[in-house]
Amino acid sequence: MILLSTSSLNWYWLHRIFKFAHKAWFDWLDISLSKLHFDYWDEDYIKELSDSFNMPVLSITAPPIWMNQKKAESIIKIALKLWTQIVTFSPPHFRDKETSWFNKYLLKAKRDTHITIAIQNVEPKFLFFIIPEYKNSTLSEIKEITWSSSLDLSNIEPSSGMDILKAQKILWGSLKNIFLSDRQGVRVWLLPWWAGWGISYLPLESFFMKLKTTWYNWFITLKVKPSELWVWTEEKILQNLEYTLSYYKKHFLNYK
């Protein structure tokens with residue numbers, strides 16, 4: 001099951017994103033919330049678009065910074081209205097003044113709703129080389145918060161000694177969503193086949209084979225930079241989205 005993250009097309013209004021996804025034969029969306037996009041927080045408007053395009057919003061991704069309990073409650077409200085299946089949060093950022101929501105409220109939301117509450121990995125970064133940018137953010141820690149996790153492949157820093165196959169092994173059993181992209185050094189959220197000839201910089205082909213042979217049946221969400229899709233040209237957007245779908249089908253869906 002492959003979804004399209006709205007962050008991949010966030011230079012467009014939400015209606016246009018639904019239209020692009022529909023034309024490119026994506027069946028589901030992930031709404032990546034941002035304080036810069038007011039319409040993303042309007043559950044009635046999103047529901048109207050979802051019904052109009054017959055495209056369920058199966059996933060919502062919370063902003064990675066400036067979170068608090070009030071915002072978390074608003075996100076869960078949106079998810080309930082849309083019958084979203086999974087909501088992904090990031091660990092608390094060091095600038096967040098309120099962090100109790102991360103442990104207390106998320107567990108309450110998990111207990112009181114039908115929604116899967118997942119915590120995603122973040123790239124390990126440090127302020128002044130000492131203070132971690134995000135708290136409680138190791139793979140083992142994010143796994144244990146709600147026992148559901150999301151894996152952003154571009155947030156895996158190979159030079160740290162971690163790779164996507166190791167990350168998948170650590171998170172296995174809790175893994176509910178994979179944000180699909182390619183990475184080369186500091187260049188992140190690239191198209192999965194960026195290296196050319198349908199081959200990735202990361203070992204994505206091996207990663208997909210591992211997922212398939214271990215019966216992974218949760219979500220895979222395409223999340224790339226808008227510039228990767230050539231968002232200034234509609235024809236190129238559709239071409240890149242359709243090619244990514246074929247890559248996903250070849251290396252995962254139809255792999256035997």
I need the full set of residues from segment 8-47 which are acidic (Asp, Glu) and buried (at least 16 other Cβ atoms within 10 Å of the Cβ), in order please. Asp30, Glu43
For a quick check of your reading of the model, give me the residue pairs whose first member lies in segment 5-21 and is touching a residue at least 24 places away in the same chain (Cβ under 8 Å), whose second is surrounded by fewer than 19 Cβ atoms within 10 Å (Cβ to Cβ) and aromatic (Phe, Trp, Tyr), with beta-carbon atoms closer than 6 Å and at least 6 apart or on different chains. Phe18/Phe53
Do any residues in segment 56-77 that are under 14 Å from His93 (Cβ atoms) have Cβ atoms under 9 Å from those of residues that are among the charged types (D, E, K, R) and outside any loop (DSSP other than H, G, I, E, B), where the two are at least six apart or on different chains, and which pairs are they? Ala62/Lys71; Pro63/Lys71
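Could you identify the single residue in Ile170, Ile220, Ile237, Ile142 that is assigned to a strand (DSSP E or B), surrounded by 14 or more Cβ atoms within 10 Å (Cβ to Cβ) and either without any contact (Cβ under 8 Å) to a residue 24 or more places away in the chain or β-branched (Val, Ile, Thr) (or both)?
Values: Ile170 fails: assigned to a strand (DSSP E or B); Ile237 fails: assigned to a strand (DSSP E or B); Ile142 fails: assigned to a strand (DSSP E or B).
After applying the criteria, what remains is Ile220.
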Considering residues that are part of a loop (DSSP other than H, G, I, E, B), at pLDDT below 95 and surrounded by fewer than 17 Cβ atoms within 10 Å (Cβ to Cβ), the number found within segment 69-100 is 4
Which of the residues spanning segment 51-63 are assigned to a helix (DSSP H, G or I) and either buried (at least 20 other Cβ atoms within 10 Å of the Cβ) or among the acidic types (Asp, Glu) (or both)? Asp51
As an exercise: evaluate Lys35 against (1) in a loop (DSSP other than H, G, I, E, B); (2) touching a His at 6+ places or on another chain (Cβ under 8 Å) and give the number of the one condition it does not meet. (2)
Qualifying positions in segment 15-62 - under 14 Å from Thr221 (Cβ atoms), in contact with a helix residue (DSSP H, G or I) (Cβ under 7 Å, 6 or more places away or on another chain) and β-branched (Val, Ile, Thr): Ile17, Ile31, Val57, Ile60
With criteria (1) touching a residue at least 40 places away in the same chain (Cβ under 8 Å); (2) under 28 Å from Leu106 (Cβ atoms); (3) not in a helix (DSSP H, G or I), Trp25 comes up short on (2)
Have a look at Ser227, Ser159, Ser246 and point out the one that is closer than 18 Å to Ile2 by Cα, small (Gly, Ala, Ser) and in a helix (DSSP H, G or I). Ser246
Go through the residues of segment 205-212 one by one and say whether even a single one is modelled with pLDDT under 95, at positive phi and surrounded by fewer than 21 Cβ atoms within 10 Å (Cβ to Cβ). no
Pull out all pairs, ordered by first then second residue, where Cβ-Cβ is under 6 Å, the residues are six or more apart or on different chains, the first lies in segment 193-211 and is assigned to a loop (DSSP other than H, G, I, E, B), and the second is modelled with pLDDT of 90 or more and hydroxyl-bearing (Ser, Thr, Tyr). Trp193/Tyr247
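For segment 122-139, what are the residues that are at pLDDT 85 or above and not in a loop (DSSP other than H, G, I, E, B)? Write out each step before concluding.
Taking segment 122-139 first, the residues at pLDDT 85 or above are 122, 138-139.
Residue satisfying the conditions is Leu139 alone.
Going by the conditions given, is Trp66 of a type in the set (A, V, I, L, M, F, W, C) and in a loop (DSSP other than H, G, I, E, B)?
Here the answer is yes, as Trp66 does meet what is asked.
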Given the conditions (1) in contact with a helix residue (DSSP H, G or I) (Cβ under 8 Å, 6 or more places away or on another chain); (2) modelled with pLDDT of 95 or more, report the number of the one that Ser150 does not fulfil. (1)
Among the residues of segment 1-22, how many are in a helix (DSSP H, G or I), more than 16 Å from the chain's Cα centre (by Cα) and not aliphatic (A, V, I, L, M)? 6
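The values are calculated or read from the model by the stated rules, or taken from the named source; none is laboratory data. Predicted, not measured: the structure shown is a model, and the values here were computed from it. Every residue, glycine among them, receives a Cβ derived from its backbone with ideal geometry; neighbour counts consider all protein chains shown.
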